[in-house]
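To keep things clear, I will list the structure first and then write my remarks on it.
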Amino acid sequence: MTQRQATVCASFMVFMGCNCGLGFTRAAESLCAIDSGGPYRLRAHAFLMAWAIENRRHCGINRNLRTIEAMLARDLWIYDPPYPPSVRFEALDEITTDDYDTVECMVEWWAGEEAKNMREIAEPLIHAAYRKASSGLFTQAKEGKS
């Protein structure tokens, strides 16, 4: 494994930890849910299909970037001159065939039992963190107020 592949894998995992990653995972799970009529019996195929849909270029969404382009940007890639926000194309890395292959390997791994078990462990922890953050009980009082 090269350093670039490790970086791509790490970027994929960060993406899986955001709301977009959750949406991707839910879409993939729905494609392989046989009991709900999902069309794919092999989980890896369902996840790869969901990734193909997730990664397509959407006109007018995410500034027309593919998910992999945003995921692998080496810098904050949106800037806001007067208006509208624009993509800083110089902040985008050139996506290579090896990058696509690495992400597809991660997608297949994400479909597997090890990743599924990891998500099942993480999910209640994430919900607890959301509840804690939204409760307001653990925020510091502003200066001068008690």
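The values are calculated or read from the model by the stated rules, or taken from the named source; none is laboratory data. Model, not experiment: these values are computed from the prediction. Every residue, glycine as well, gets a Cβ built from its backbone with ideal geometry; the counts of neighbours run over all protein chains shown. We work out accessible area using only protein heavy atoms, side chains counted, and drop any ligands, DNA or RNA first. Shrake-Rupley method; radii C 1.70, N 1.55, O 1.52, S 1.80 Å.
Taking 20 Å as the cut-off, the amide N atoms of region 102-117 that come nearer than this to a point 7 Å along the Cα-to-beta-carbon line of residue 41 belong to 111-113. Backbone phi angles across region 92-109, fed through the Karplus curve with coefficients 6.51, -1.76 and 1.60 (θ = phi - 60°), yield HN-Hα couplings of 8, 6, 6, 7, 9, 4, 4, 4, 4, 4, 5, 5, 5, 5, 5, 4, 5, 5 Hz in residue order; Gly and Pro are listed as x.
Figure note: 90, 54 ranked by solvent-accessible area, largest first, 1.4 Å probe, ligands and nucleic acids not counted: 90, 54.
With the simple spin-label model, which puts each label point 7 Å out from Cα in the Cβ direction, the residue 62 to residue 94 separation comes to 2.2 nm.
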